[in-house]
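See below for the structure under consideration.
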């Protein structure tokens, strides 16, 4: 069950590197806390999913690297090679020399069609290397020009050419202020397009991860490297192998199956990730965890819409069963209960069989369309992840992202009303109508999620 | 590495250009000790696309630069045209400089993607400030020679004592910092085309005021280096602007911060949060910040910052220019020299000045919105 990763733009490529590195480091970790046979099965499964084997034993990432300027890709290629543990394929890259200028229209309407054939060829070669291909994992940002615009174009192409394969887009939500001025335009164009062509959007907010680095990891001078490593840790804990059947060593589950569980309806595709625990190595040495404690925190994070395990609002409760919810979600209220469509919890580590997830099956957490038995899934493995004796990650399709989405749409709308920067997009074929279409789609998404 | 072409026009342009190449080589030599021709150098030493144009020179020079801008647009419509433009200061020695400037400005208005206006007076003021610092004789205030934004110490050519050298070095440093992210690696890259994309919300409003900090580094290691945050504060002070302008008290349309050296995203964000309240941004761009992080600092510094502001504070410069033009034009002084040249007619002048008037009016309209409260506009409503 192999996944082909497509890394787009500076962000996508920087993150992609950290993800492969984290996956392999965890796979080689000696603190798996399980039998050798089990560990070997885990390693084999991880390798098959994300790496192909080279003659001299160095695994090659199943990845395609795309960027419109060469610096970042060159850097990632050499970083991987320097690790000595793995590397990227020599011919798995596509580069140009001019960049996309943070212009979604340039990425989508100029680079896309111009380089479509070359990029799709490289992807095809990578897919052909897989004995059992399970789908695509596309990493990109929505604020810039290449990841966002070209990313949207490539995803559309993948939908056309590989309509039977699963596609998940890992999208970086930019900081609220200060990365790119036209980030709100680029974001709404990206999201509205991907909503049509992708199967699931896994969204990570820079602001949230930044807070994890500051508050939980105690990092003083936070760099993008730190941010990307936290992200890679979260993704690793989602994508590493888990048992496909109870109490067995079989790690044959398709990791992209999570989409089938979490996206029951095409109008609701926004997924987010919360993991627990997350701390600096120093603190880790002095802390012990119980499954009961971890799961209680995780559940409260879910229902109170907390981004991390600190500062969780304890005053939010699910509505009493049988009664209608106290109020439909209002975007202006701070205190509200986060309704879920579907949740997936993945547990890794010691005594995982004893973990009690009943709290997540409470019907009050969910909308009425799915029975909790269908809305909630849990995957497990005894094998611990990356130095954490016990760890839990929640992938959720819920109202988590409504507020940020609403904010981006609002800001983009205010800017659009003044027509600022629009000439930069119309220059390359994205007209005001295209913007209006995007606004309409996303207002629809916001409204749908609000009315859960 | 995006690749760019430098077009150096006229005496001013060529003198600045010379400094620039020297300093660029010095910068690349510091990073690339073995002198191997690498990707970073290839961005510059094949083709580099920043045009350095002098506005206040003689008649022929004025025409050449505007012609260049238009020709380049015709020949290479897809390539971004960045112009670093030296504006004449009040006591300029070329009498007809207002004519040249206004005529050139019309072309820049229409054919350049981005213009970085600089005036000699500001450069001179910066030099005086540095001289004061260096010559103050205070204990422990020796400055690292290579770090001076005005010096070419350590560069290939011999040091001259000519008056414009120090000033030209400042502009050369501006160009280096502008292109650093395209040449060297960093965690958040920014190419020249991104500058244009983010800082030019409407085609005519493409004038960016620049400021460089720090201006020097002290050699005495016992004196703590000026705090990082001080560097950010300085970038917004009117003493560090390369144009006589005060962005802090005018209206921002957009602002870019290009940081070099050991500075991380958290430092950048902290300073933006800190400085934001004292700056005024236009209502539709309250978070109008574009940022970049390049790992390699300039020679002699541990970090540096180039700020580019699209701000209504350029308006006074343009108004002064127009006034000086009108003083000459009303009397038709020296006009015959220009009209003798084939293709030049009075209409060129009237068109040029009305182009500038229109630009000034645009800035006026924006300024009028300055203290108005920001309102959220009603959104599309969806029937459920």
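The values are calculated or read from the model by the stated rules, or taken from the named source; none is laboratory data. Just so you know, these numbers come straight off a predicted model, no measurement behind them. Neighbour counts are summed over all protein chains in view; Cβ atoms, including those assigned to glycine, are modelled from backbone coordinates with ideal geometry.
How many residues are within 21 Å of residue A:179 (Cβ to Cβ) and in a helix (DSSP H, G or I) when one looks only at the stretch A:89-117?
Residues in the stretch A:89-117 being within 21 Å of residue A:179 (Cβ to Cβ) and in a helix (DSSP H, G or I): 6 in total.
Scan the stretch B:230-282 for residues that are in a helix (DSSP H, G or I), facing chain A (nearest Cβ under 9 Å) and surrounded by fewer than 18 Cβ atoms within 10 Å (Cβ to Cβ) and jot them down.
Selection gives B:273, B:276.
Does residue B:86 satisfy the condition of being touching a helix residue (DSSP H, G or I) at 6+ places or on another chain (Cβ under 7 Å), modelled with pLDDT of 65 or more and not in a loop (DSSP other than H, G, I, E, B)? I'd like the intermediate steps shown before the answer.
Details: touching a helix residue (DSSP H, G or I) at 6+ places or on another chain (Cβ under 7 Å): yes; modelled with pLDDT of 65 or more: yes; not in a loop (DSSP other than H, G, I, E, B): yes.
Yes.
If a residue has to be buried (at least 19 other Cβ atoms within 10 Å of the Cβ) and either within 30 Å of residue A:412 (Cβ to Cβ) or within 14 Å of chain B (Cβ to nearest Cβ) (or both) to count, how many in the stretch A:71-92 make the cut? Show your work before the answer.
So the first thing to find is which residues in the stretch A:71-92 are buried (at least 19 other Cβ atoms within 10 Å of the Cβ), and the list is A:71-73, A:76-77, A:80, A:86-89, A:92.
Going one step further and asking which of them are either within 30 Å of residue A:412 (Cβ to Cβ) or within 14 Å of chain B (Cβ to nearest Cβ) (or both), we end up with A:71-73, A:76-77.
Total satisfying the criteria: 5.
Looking only at the stretch A:33-42, count how many residues are surrounded by fewer than 16 Cβ atoms within 10 Å (Cβ to Cβ) and in a loop (DSSP other than H, G, I, E, B). So that I can check it myself, show each step before the final result.
Residues of the stretch A:33-42 that are surrounded by fewer than 16 Cβ atoms within 10 Å (Cβ to Cβ), as a first pass: A:35-37, A:40.
Still in the list and also in a loop (DSSP other than H, G, I, E, B): A:35.
The total comes to 1.
Could you list all residues from the stretch B:337-384 that are modelled with pLDDT under 90 and touching a strand residue (DSSP E or B) at 6+ places or on another chain (Cβ under 7 Å)?
Passing the criteria: only B:370.
If you check every pair at least six apart or on different chains, which have Cβ atoms under 6 Å apart with a residue in the stretch B:184-198 that is within 16 Å of residue A:13 (Cα to Cα) first and a residue that is in a helix (DSSP H, G or I) second?
Going by the 6 Å Cβ cut-off, the qualifying pairs are B:185/A:71; B:185/A:75; B:187/A:224; B:189/A:10; B:189/B:181; B:190/B:181.
Every residue in the stretch A:412-438 that is assigned to a helix (DSSP H, G or I), facing another protein chain (nearest Cβ under 10 Å) and surrounded by fewer than 18 Cβ atoms within 10 Å (Cβ to Cβ), please.
A:417, A:423, A:436
Name the helices (runs of 4 or more DSSP H) wholly inside the stretch A:118-229 in which the number of residues that are touching a residue at least 40 places away in the same chain (Cβ under 8 Å), over 29 Å from residue A:24 (Cβ atoms) and within 11 Å of another protein chain (Cβ to nearest Cβ) is 2 or more.
Details: elements: A:151-161, A:183-197, A:206-211.
Filter on the stretch A:118-229 gives A:183-197.
Can you tell me which residues in the stretch A:44-63 are in a loop (DSSP other than H, G, I, E, B) and in contact (Cβ under 8 Å) with a residue 40 or more places away in the chain?
So in the stretch A:44-63, the residues in a loop (DSSP other than H, G, I, E, B) come out as A:53-59, A:62.
Result: A:62, single match.
Among the numbered criteria (1) within 14 Å of chain B (Cβ to nearest Cβ); (2) in a helix (DSSP H, G or I), which one does residue A:403 miss?
(1)
Among residues belonging to the stretch A:1-32 that are surrounded by fewer than 19 Cβ atoms within 10 Å (Cβ to Cβ) and in contact (Cβ under 8 Å) with a residue 24 or more places away in the chain, point out the one that is farthest from residue A:88 (Cα to Cα). So that I can check it myself, show each step before the final result.
Keep residues of the stretch A:1-32 that are surrounded by fewer than 19 Cβ atoms within 10 Å (Cβ to Cβ), which gives A:25, A:28-31.
Cutting the leftovers down to in contact (Cβ under 8 Å) with a residue 24 or more places away in the chain gives us A:25, A:28-29, A:31.
Details: A:25: 15, A:28: 18, A:29: 21, A:31: 26 Å.
Among those that are surrounded by fewer than 19 Cβ atoms within 10 Å (Cβ to Cβ) and in contact (Cβ under 8 Å) with a residue 24 or more places away in the chain, it is A:31.
Scan the stretch B:349-378 for residues that are in contact with a helix residue (DSSP H, G or I) (Cβ under 6 Å, 6 or more places away or on another chain) and within 14 Å of another protein chain (Cβ to nearest Cβ) and jot them down.
Selection gives B:366, B:374, B:377.
Rundown of residues vs (1) within 30 Å of residue B:23 (Cβ to Cβ); (2) in contact (Cβ under 8 Å) with a residue 40 or more places away in the chain; (3) surrounded by fewer than 16 Cβ atoms within 10 Å (Cβ to Cβ); (4) away from every other protein chain (no Cβ under 14 Å), yes/no style:
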| site | (1), (2), (3), (4) |
| --- | --- |
| B:290 | yes, yes, no, no |
| B:296 | yes, yes, no, no |
| B:300 | yes, yes, no, yes |
| B:303 | yes, yes, no, no |
| B:340 | no, no, yes, yes |
| B:343 | no, no, yes, yes |
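When you check residue A:271 against the structure, is it part of a helix (DSSP H, G or I) and touching a strand residue (DSSP E or B) at 6+ places or on another chain (Cβ under 8 Å), yes or no?
Numbers: part of a helix (DSSP H, G or I): no; touching a strand residue (DSSP E or B) at 6+ places or on another chain (Cβ under 8 Å): yes.
The answer is no for residue A:271.
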